[in-house]
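Single-structure report; data block below.
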Amino acid sequence: MATSTLFSLSCTPQTRLLSKQKSHTMSPTMSLLTPQVGHKHMYHPLRYNGVSPIPLNTKRTHVGGSLSVKASLNNKNVEVFSKEHLAVSLAKYVSDLSNKFIRERGSFTVVLSGGSVKYLRKLVDSPYYEQIDWSKWHIFWVDERVVPKTHVDSNYKLAYDGFISKVPIPTLNVNTIDDALPADGVADVYETTLRRLVERRVIATSPESGYPKFDLMLLDMGPDGNVAALFPGYPEVNETKKWVTFLKNAPKPPPERITFTLPVINSASNIAMVITGAGKADAVHSALEKAPSNKLPIHLVSPEGEMKWFLDKGAASRLYR
């Protein structure tokens, strides 16, 4: 049974002696990954920012035959997995929320981002597939590239090929952009769609902010700390009146995009931050700091509801030593 390598693993002197006497040996690949029968392992709290212990409420839990690391980092709910077990845990999390909201509200509104979709695919071949009433799902995109829906850069295409085409969600419940319009028109039409669904009570309304309150947003983050198409230093980060805004000069191609604004993101009932890869480790480290020196878009994500971080070991690598 595999454990996360994010806990430093050691044995007491007595355990080492017992191990020697019994000739228990580990292969190099097993030394940190497989608990050995007869050994009493000590799991030491890891260090945050290389200086002081994490204000930890930490435990290990079984996830698909492996162990995850659960921790409270500066009051943030963080879990660290291998990539394959991240997908398993995310599938259960989404399934549980789907059942909860369909039972309570009669529908489940899910907002996707490009980077999170590949891990959502695990739902298709998971035991949770049959437990979900897919006819009650309504799918939206937190950001979208203004390109044809058949284009390789389309977030819709990514989601359709890997997930939507494999589950029985009604076509009318998949809310895509009108790709025949320019970026400003796309944003206006998409916001009109959201307003219509709020009026029909398919999407809930936040009693605190008056903005649409989606049941679940699956977000990711760029190496620069951007969320959705809200990029550091861009004025769209400060938009508070619109529900959906647009860019024509995104810092990476394609340049034209639409995006939910921060007030809509922060009105969500649940946000899952799904972040993988060592290339994002610096941004993750900054996002989980108590007092970051620079305010990035990720620092401004603070939902009314629950926010949970799903990290792989690469993305979490700067949190520990």
Taking alpha-carbon centroids only, the stretch 249-301 lies from the stretch 112-147 a number of Å equal to 20 Å
As straight-line cross-link partners of Lys76, the qualifying aspartates and glutamates (C-alpha separation under 12 Å, not fewer than 8 residues apart within one chain) are Glu289, Glu306
A correct Karplus calculation of ³J(HN,Hα) over the stretch 106-119, with 6.51 cos²θ - 1.76 cosθ + 1.60, θ = phi - 60°, whole Hz and x for Gly and Pro, returns x, 7, 9, 9, 10, 10, 9, 10, x, x, 7, 5, 4, 8
Once Tyr160, Tyr129 are ranked on solvent-accessible area with the largest value leading and a 1.4 Å probe, the list reads Tyr160, Tyr129
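Tell me the carbon and sulfur percent of the accessible area for the stretch 141-183, rounded to whole percent, probe radius 1.4 Å. Write out the running numbers ahead of the final one.
Working: 1140 of 2050 Å².
C and S atoms contribute 56 percent here.
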Quick calc, the stretch 99-169, dipole around Cα centre from Cβ unit charges on Lys, Arg (+) and Asp, Glu (-), nearest 20 debye, gives 60 debye
Straight-line reach check, Lys166, cutoff 18 Å on alpha carbons, 8 or more apart in-chain or any other chain, hits among aspartates and glutamates -> Asp125, Glu130, Asp133
Here, Glu306 and Ala278, labelled 7 Å along Cα→Cβ, have an inter-label distance in nm of 3.3 nm
Regression test value, accessible area per residue of the stretch 202-321, probe 1.4 Å, units Å², expected 38 Å²
Which of Lys83/Lys313; Lys213/Lys241; Lys157/Lys313; Lys83/Lys308; Lys252/Lys308 exceed 18 Å between C-alpha atoms? The answer is Lys157/Lys313; Lys252/Lys308
For Lys92 and Ala180, extending 7 Å from Cα along the Cα-Cβ vector and measuring point to point gives, in nm, a value of 4.7 nm
The aspartates and glutamates whose Cα lies under 16 Å from the Cα of Lys136, excluding any fewer than 8 residues away in the same chain, are Asp96, Glu104, Asp215
The long-range amide H neighbours of Val78, using H built 1.01 Å from N in the peptide plane and a cut-off of under 5 Å, are Ala71, Leu73, Trp309
With a Förster distance of 25 angstrom and the Cβ-Cβ distance between Lys76 and Trp134, calculated FRET efficiency to the nearest 0.05 equals 0.20
For the stretch 186-192, Karplus-derived ³J(HN,Hα) couplings (6.51, -1.76, 1.60; θ = phi - 60°; whole Hz; x for glycine and proline) come out as 4, 5, 4, 5, 5, 5, 4
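The values are calculated or read from the model by the stated rules, or taken from the named source; none is laboratory data. As the structure is a computational prediction, the values presented were derived from the model and not from experiment. Every residue, glycine as well, gets a Cβ built from its backbone with ideal geometry; the counts of neighbours run over all protein chains shown. In case anyone asks, the SASA skips ligands and DNA or RNA and just uses the protein heavy atoms, side chains included. Shrake-Rupley method; radii C 1.70, N 1.55, O 1.52, S 1.80 Å.
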